1. Look at A:Glu310 and say whether it is modelled with pLDDT under 95 and farther than 30 Å from A:Glu220 by Cβ.
2. Output the number of residues of segment A:200-259 satisfying the condition of being assigned to a loop (DSSP other than H, G, I, E, B), within 14 Å of another protein chain (Cβ to nearest Cβ) and over 23 Å from the mean Cα position of the chain (by Cα).
3. Checking B:Gly331 against (1) assigned to a loop (DSSP other than H, G, I, E, B); (2) in contact with a strand residue (DSSP E or B) (Cβ under 6 Å, 6 or more places away or on another chain), which test does it fail?
4. Go through segment A:21-35 and give me each residue that's open to solvent by 20 Å² or more (accessible area, probe 1.4 Å), free of Cβ contacts under 8 Å to residues at least 60 places away in the same chain and either facing another protein chain (nearest Cβ under 8 Å) or assigned to a loop (DSSP other than H, G, I, E, B) (or both).
5. Are any of the residues in segment B:41-56 on the phi > 0 side of the Ramachandran plot, loosely packed, with under 14 Cβ neighbours inside 10 Å and either touching a residue at least 24 places away in the same chain (Cβ under 8 Å) or within 14 Å of another protein chain (Cβ to nearest Cβ) (or both)?
6. Residues being more than 7 Å from every other protein chain (Cβ to nearest Cβ), open to solvent by 50 Å² or more (accessible area, probe 1.4 Å) and assigned to a helix (DSSP H, G or I): count how many of those fall in segment B:18-40.
7. Name every residue in segment A:113-142 that is more than 21 Å from A:Lys393 (Cα to Cα) and surrounded by fewer than 24 Cβ atoms within 10 Å (Cβ to Cβ), in order of residue number.
Amino acid sequence: MAETPFKISIPQALLDRLQQKLALTTLPNELEGSGWDYGVPLADVKRLVARWMNGYDWRHHEAQLNQLPQFTRPISVDGHGTLDIHYIHQRSEVEGAIPLLFVHGWPGIFLEGSRIVPLLTAKSDDHPSFHVVVLSLPGFGFSEGAKNPGFNIAQYAEVGNKLMLALGYNEYVTQGGDWGLAVTRRIAQLYGGKHSKAWHTNMVFGEPPADFDLTTLTPEQQVALARTEGLMKKGMGYRHQQSTQPQTLAYAMTDSPVGLLAWIYEKLVAWTDRYNWTDDEVLTWISIFYFSREGPVGSFRIYYEAMGNETMPMQAFREGPAPGIPLGLSHFPGDLVVVPKSWSRMMGNVVFDSEVHEAGGHFPAYEQPEALAGDLRQMFVKGGPAYGVVPSKSGY
Amino acid sequence: MSETPFKISIPDAALQRLQTKLELTTLPDELDGAGWDYGAPLADVKRLVSRWTNGYDWRHHEAQLNASLQQFTRPIAVDGHGTLNIHYVHQRSEVTNAIPLLFVHGWPGSFIEARKILPLLTTNSANHPSFHVVTFSLPGYGFSEAASKPGFGIKQYAEVGHKLMLALGYNEYVTQGGDWGHVITRKIAQVYGGKYSKAWHTNMVMGQPPQGDDAQTELSDEDKQLLARREWHRKKGMGYMAEQSTQPQTLGYALTDSPVGLLAWIYEKLVNWTDNYPWEDDEILTWISIYYFSRAGPAASLRIYYEAMGPHKTDAERGFADGAAPEIPLGLSHFPQEIVALPRSWSRNLGNIVFEAEHDGGGHFAAYEKPNELVDDVRKMFGQNGPAFGVVAGKSGYSTEGKSGL
């Protein structure tokens, strides 16, 4: 039996060492009135570190995470041996539920997909149900990472596809954003038609079609585009470093809890839309990176492998012909890149295109699970644009 | 008397805390056969951490620095930023009419970058000019106080350097700088040039491809090699700049809290930016320690990137091409492994080039890697037969007794 039930169980020695390090935290000062301009504010970091040292109870949150049905199993990857892959797998009580693979990105983790699991697996006459698999990408969470250079998007895609096949899901659909978009797109290219039958993403981008008249942009669209431009100017340092010298960065991120906290927290705030993070929520998220099987460096390497060509950093998200299988798009107003809906039709065979939601950013499965689950239900509902893409698993 | 003699004296408690942190170092793994491709190699970092934890003697190096460099501090007022306590080295030549020279470091440099050129520049000889040398720790570096509010940009760093020279009685002076030192001395030349700064010399030669007719010139093989180095740096080596110029505080937490994190971050540049310089482990660790034990902490040293190149700046400002080229005489020293290496024809617009020299070795930290060559160039530029001889009136650089014949 290749699958092994998995429970997170961080050794006490690691918890003790973390506390020892936290007790020795040395903090920088901060320029007066700098707010978020220079990076994460000192007051936020101080507060989070104080909580982490005193009050935050990892064992409690670990137990809560262990309520998620987690497993590990070995998956072989051509040219990279066998990796022990960690995932959530929750079947619906509806036998004919649609198998769905959820793929996170960075700084995402399996936790990101956990909230849509009960929504998607729920039974109802009014909407389809899904059997849900949430993958920890190799190098993230409790999945083993690659040991050799060259583990690129095609390899991550291979892991996702093989996992679904191993679980008995010969045909399935996918949902992903951030690196999850690149990976599920590759799945659609490599295994689309035969195994992957439809794909859905919440990370929407695109360029104006050739005949697009820029003067027709609405004020809201102009504001959104200006915001995207601002975020690109301000927020891509992490990506530049991770895609060129991830090992150099790794020493600090592995050795310093507060260093890792700030690095990721900056994105948890900047990339979400009016999401009220509690301190313990942030600390649980960071702790998963801190205690991850490969350490934080495992999560940086995807940038190096997939974004090495700096003249086209988004190449991994666009290369090759657009997949032919049906594509669903969900638009969230607070994501990093927000473009007019007409620009994103070039992403593929768009059969479902949501209205722009009220709220939600880069992690909608976590921030707005109802909205995202609602979109998936609409895409695959009886009579909907992707109904029955998996024959015999229509969701009812 | 506003000048105070200074000796580096890191408290025992700080050394102990560092030791405790080092003993708790947690290291990442590394991909098989990664070499330098992904960043500083694990074997190097392990070895350096091991030495730092056991064997490296900070007190010994601290004493050496104090013995070899005459250091001081004094308050310098900066418009809009109050008064900052500035740490500097001041070494006068025995030649009374030596030329006052201000050396300005950059990142990840420090005042110790001048330690090799200092004795050479100040030495007395009939065959070359001598200099009174001043080098300061930029605010936020070494033992200088840092700015406490936003907006402390290149103009403010230039103001500090200039006011320091005036305070030391050097109403007229020349400058030498690379990295931020280039940018700051360029600003000094723009703002204070002519009246105060009389000439500037740089080893980080910047420039753009020539436009129009000049653009048709074929590139030599040598030029192509230089451009390849430049391109490598652009593609692989600028992550630090992207982060430091946009989110220096975010990065600052890690570099302040983690000795190994700071070590790797800087060590990568000390190797990548030099020309096979044979670093010794203790040399690296001393260099890193200046950052670790700096008065303002490592995070403060990153802020110059944000102030000078942040998202709020114009492209011209980010390219250090803002304003007119300075008019005062300029000297260039080309070192082949400089990270922004470029064909010589690209640097014609930098200023009033009166001196130019090429070298067949050396990289970004010229004063440290190639002190003899750099000093030779500066001597030639300002020497009796040089193009900038006598720029500082009454300070020719030579002893007035027993003047050498021409």
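1. On the way: modelled with pLDDT under 95: yes; farther than 30 Å from A:Glu220 by Cβ: yes.
In short, yes.
2. Within segment A:200-259, residues that are assigned to a loop (DSSP other than H, G, I, E, B), within 14 Å of another protein chain (Cβ to nearest Cβ) and over 23 Å from the mean Cα position of the chain (by Cα) number 1.
3. Every listed condition holds for B:Gly331 apart from (1).
4. A:Leu24, A:Thr26, A:Asn29, A:Glu30, A:Glu32, A:Gly33, A:Gly35
5. Let us first name the residues in segment B:41-56 that are on the phi > 0 side of the Ramachandran plot, namely B:55.
Narrowing the set further to residues that are loosely packed, with under 14 Cβ neighbours inside 10 Å leaves B:55.
From what is left, the residues that are either touching a residue at least 24 places away in the same chain (Cβ under 8 Å) or within 14 Å of another protein chain (Cβ to nearest Cβ) (or both) are none.
So far as segment B:41-56 goes, no, none of its residues is on the phi > 0 side of the Ramachandran plot, loosely packed, with under 14 Cβ neighbours inside 10 Å and either touching a residue at least 24 places away in the same chain (Cβ under 8 Å) or within 14 Å of another protein chain (Cβ to nearest Cβ) (or both).
6. 2
7. A:Ser114, A:Arg115, A:Phe142, listed by residue number.
Residue by residue, here is whether (1) of a type in the set (Val, Ile, Thr); (2) in contact with an Asp or Glu (Cβ under 7 Å, 6 or more places away or on another chain) holds:
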{"position": "B:Gly140", "(1), (2)": "no, no"}
{"position": "B:Ala146", "(1), (2)": "no, no"}
{"position": "B:Lys155", "(1), (2)": "no, no"}
{"position": "B:Val174", "(1), (2)": "yes, no"}
{"position": "B:Met204", "(1), (2)": "no, yes"}
{"position": "B:Gly239", "(1), (2)": "no, no"}
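The values are calculated or read from the model by the stated rules, or taken from the named source; none is laboratory data. Small disclaimer: the values here were computed from a predicted structure and weren't measured. Methodologically, a virtual Cβ is constructed for each residue, glycine included, from the backbone with ideal geometry; neighbour enumeration extends over all protein chains shown. With ligands, DNA and RNA removed, areas are computed over all heavy atoms of the protein, side chains included. Shrake-Rupley method; radii C 1.70, N 1.55, O 1.52, S 1.80 Å.
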